[in-house]
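Only one structure is covered here, and it is reproduced in the block below.
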Amino acid sequence: MSDMERLLRGGLSALGLPPDAAEAMARYGRMLLERNRVMNLTAITSEADVARLHFLDSCALAAFADFRGKSVVDVGTGAGFPGLPLRLVEPSMRLTLLDAQRKRVDFLRDVCAALELPDVTAIQGRAEECAAEYREAFDIAVSRAVAGLPVLAELCMPLVRVGGEFLAMKSANCDEELSSAKRAVATLGGEAAQVAEYAIPGTDVPRRLIIIKKTRPTPPGYPRTFAKIKKKPL
Ligand code: SAH
């Protein structure tokens, strides 16, 4: 067993998740590091950091939401985080990975083929442009490291069905972001955010998860074009 797999097993057990998923994660992690030599997928380059900061950070979400049987979209998934590790610990979820960059989506398709995950869908596109086709189509939207919360809410909330939720992974110091997003969240059909705090397993890196329940439909007219979202965040 590789060091990465051993680290992942320990972390998954600590999270109360099935440690057997570590084998597929270690394989995925090796593919990530290998492909990262020829294209920019991640700034994280050691196996231990990939295990903790990508995989275990992603899996930590499983403690805060019930993904069983849910349709989930990961907006701006990059190399697959947090969506794909979550799918590996919760096989009943129906996962759609969404990213604007073609080369990242190509990588994700290669990973899904290697890990034999034919039910995972990887789409190349911008979230605000996909909203016409996938409006209120998902139970849950997740996202990490894509944009500040007021902008991110407009990218993600239109994709979530009423009764579903939007989960944004943030660093510990996101108070300002959170208060500046209140109006955006309310406008887009969300309830006041709940905040969960955790440390990345095996580290003392503090993280926050912003949990926003969608209680009303997103009004027509949102999302706007990205130029407008960026210029005048809600
Ligand atoms: N979620 C991953 C990647 C973060 S990097 C992680 O945490 O490791 C941000 C990613 O978001 C990039 O891959 C970029 O292509 C994508 N992105 C940025 N804006 C987007 C948009 N409007 N729609 C879809 N993807 C977007």
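The numbers here are math on the coordinates, done by the rules we state, and not lab data. Being a predicted model, the structure only gives us computed values, none of them experimental. Reconstructed Cβ throughout: ideal geometry from the backbone, glycine too, with neighbour counts over all protein chains shown.
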Report the semi-axes of the equivalent ellipsoid for the chain in whole Å, largest first, where each axis is √(5λ) for an eigenvalue λ of the Cα gyration tensor. 28, 19, 16
Quick one: length gained pulling residue 20 to residue 162 fully straight, 0.36 nm per residue minus the C-alpha distance? 47.7 nm
So what are the three principal axis dimensions of region 81-165 from its Cα atoms, in whole Å, longest to shortest? 35, 28, 23
Please list, in order along region 5-17, the HN-Hα scalar couplings obtained from phi with the Karplus expression 6.51 cos²θ - 1.76 cosθ + 1.60 (θ = phi - 60°), rounded to whole Hz, x for Gly and Pro. 5, 5, 4, 5, 4, x, x, 5, 4, 4, 7, x, 10
Using alpha-carbon positions, the gyration tensor of region 112-219 gives root eigenvalues a ≥ b ≥ c; with a/c under 1.5 called rounded, otherwise prolate if a/b exceeds b/c, else oblate, the class is oblate
Report the Cα centroid-to-centroid distance between region 87-144 and region 40-69 in angstrom, as an integer. 16 Å
Enter the mean projected area of the convex hull around the alpha-carbon atoms of region 178-234, in nm², rounded to one decimal. 5.1 nm²
Using the per-residue mean of other Cβ atoms lying within 10 Å as a proxy for protection, in what order, highest first, do the peptides 71-83, 116-128 fall? 71-83, 116-128
If 179, 2 are placed from fewest to most neighbouring beta carbons inside 10 Å, the sequence is 179, 2
Could you sort 195-205, 99-109 so that the peptide with the highest average Cβ count within 10 Å comes first and the rest follow in order? 99-109, 195-205
Share of Cα-Cα pairs in region 36-83 beyond 18 Å, whole percent, is 37 percent
Can you list the aspartates and glutamates whose alpha carbon sits under 16 Å from that of residue 228, skipping same-chain ones fewer than 8 residues off? 128, 129, 154
Can you tell which of 217, 4, 173 lies farthest toward the positive end of the dipole of the chain, using +1 and -1 charges on the Cβ of basic and acidic side chains (Lys, Arg; Asp, Glu)? 217
Please list, in order along region 203-217, the HN-Hα scalar couplings obtained from phi with the Karplus expression 6.51 cos²θ - 1.76 cosθ + 1.60 (θ = phi - 60°), rounded to whole Hz, x for Gly and Pro. 9, 10, 6, x, 9, 10, 10, 9, 10, 10, 7, 9, 10, 9, x
Counting only DSSP loop positions in region 1-83, the trypsin sites (Lys or Arg not before Pro) whose Cβ has at most 14 other Cβ atoms within 10 Å are 37, 68
At 222 nm, what value in deg cm²/dmol follows for the chain if DSSP H runs of at least 4 each add -39500 (n - 2.57) and the sum is divided by all its residues, to the nearest 500? -9500 deg cm²/dmol
Test item: Cα-centred dipole of region 64-231, Lys/Arg +1 and Asp/Glu -1 on Cβ, debye: 480 debye
Could you give me the radius of gyration and the Dmax of region 1-104, taking only the C-alpha atoms into account and expressing both in angstrom? 13.1, 36
